[in-house]
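Heads up, the thing below is written out as structure tokens.
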Amino acid sequence: MTAKLSRPDYGGNLGHAFFYAVLKLFGLRPAYFCLAFVATYYALCRPSVRRSARPYLDHRFPGQSPLRRLWATIRYLYSFGQVLIDQAAVGILGPERFEMDFPDEEKLKVRAQEGRGLLLLGSHIGPWQAAMTSFGRIPIPVHVLFRLYDHERGRHFFELAEKRPDFHILFPEDFLGGLVELTNALSSGECVVLMGDRTFGARGQRAPFLGGEATFPIAPYRLVCVTGADLVMVLTTRTGPYRYRIEQFCLTDDPPEDVPDLPRTPSGKPDWRALGRQRAQDILLRRYGAQLERHVAAHPFQWFNFFDFWGEETDTGKD
């Protein structure tokens, strides 16, 4: 049974309309000021919201006193609200108002054009939707797997798809979850964008994370093992008002020291397909989890996970 995902919606449609109006009339910082009161209300008066934040905060800040936990919950909800406001501000105030620091963008473009296929593995960190629309500048066709219920929050993806004919949006609700189209895209040397920290009912595998065993989706690693594509983890971080940073880490580059027997392609690249699917899958998942844990340690209030990531029961996918 998959754990139910819950998240604060800050008043539903009425709350969203209020913040949109504040953004249009006064700008970003006044919206943040109003958010402080709303986040405090949710932390104090909405037990369901506190419960949804508790699994992550328990693992990231074990042993906190009730007062410190309440303060951590307020900070967590406030940070989540800031990201939602930033995403709305991109559409209302215009993307030119925001400063994006992406130091390795040119390296990513070069890698994309090498023809092996490129799988970008995102996480629900910081302003991930607004930042990931920058992948529309990648000079090869891009395919994004996106859930239908995120349509409103992810409108930037749909706007980009309308402007760029080779930017495609696929849905997990499609036939076989879109895996056929994703496999074909990577085999053709194109780019695929997936999320690495949600299974959403798909097959998953348990792996160490923040002192426990959490369930991660295995589709990204299986796609790499089948197609030989590069697997690049992308982390987006909010660094201040109107500012965010994108970092990338190629998980399929030179392997860790504990895999000295990893074969190589004629061009000298690690050949994960030749290692065996299960072993390669285990290693790549472990590398993703370790990198995500390091990022969460540095930015504890910017990984937005409002469900029991550790208690989720799922098919491990081992066969």
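Laboratory data are not the source of any read-out in this text; all were calculated from the coordinates shown. Values in this document were obtained by computation on a predicted structure and should not be read as measured data. Using ideal geometry, Cβ is built from the backbone for each residue, glycine included, and neighbour counts are taken over all protein chains shown.
Per residue of the range 182-190, what does 6.51 cos²θ - 1.76 cosθ + 1.60 with θ = phi - 60° give for ³J(HN,Hα)? Whole Hz please, x for Gly and Pro, Karplus curve as stated.
Once rounded to whole Hz, the list reads 5, 4, 4, 5, 5, 5, 8, x, 9.
If you average the C-alpha positions of the range 189-227 and of the range 58-108 separately, how far apart do those two centres end up, in angstrom?
23
Once amide H atoms are placed 1.01 Å from N in the peptide plane, what residues at a sequence separation of 5 or more from L251, or on another chain, have their amide H within under 5 Å of its amide H?
Result for L251 returns L231, V232, M233.
Expressed in nm to one decimal, what extension gain is obtained for the pair A274 and R46 from 0.36 nm per residue of sequence separation less their Cα-Cα distance? Walk me through the numbers on the way to the answer.
On the way: separation 228, 0.36 × 228 = 82.08 nm, distance 5.12 nm.
Separation in residues times 0.36 nm, less the Cα-Cα distance, equals 77.0 nm.
For a quick check: with amide H placed at 1.01 Å from N, whose amide H comes under 5 Å from F102's, ignoring anything fewer than 5 positions away on the same chain?
I246
Give a residue-ordered list of calculated ³J(HN,Hα) values for the range 278-290 (Karplus: 6.51 cos²θ - 1.76 cosθ + 1.60, θ = phi - 60°; whole Hz; x for Gly, Pro).
In residue order, the calculated couplings are 5, 5, 4, 4, 4, 5, 5, 5, 5, 5, 4, x, 5 Hz.
For M195, list long-range residues whose amide hydrogen, built 1.01 Å from N in the peptide plane, is under 5 Å from its own amide hydrogen.
G122
Label R243 and T265 with points 7 Å out from Cα along Cα→Cβ: what is the distance between them in nm?
Reported label-point gap for R243 and T265 is 3.8 nm.
With a Cα-only, solvent-free Debye model of the range 203-258, what are the log10 I(q)/I(0) values at q = 0.13, 0.14, 0.16, 0.19 Å⁻¹?
After summing over all Cα pairs, the log10 values are -0.52, -0.59, -0.74, -0.94.
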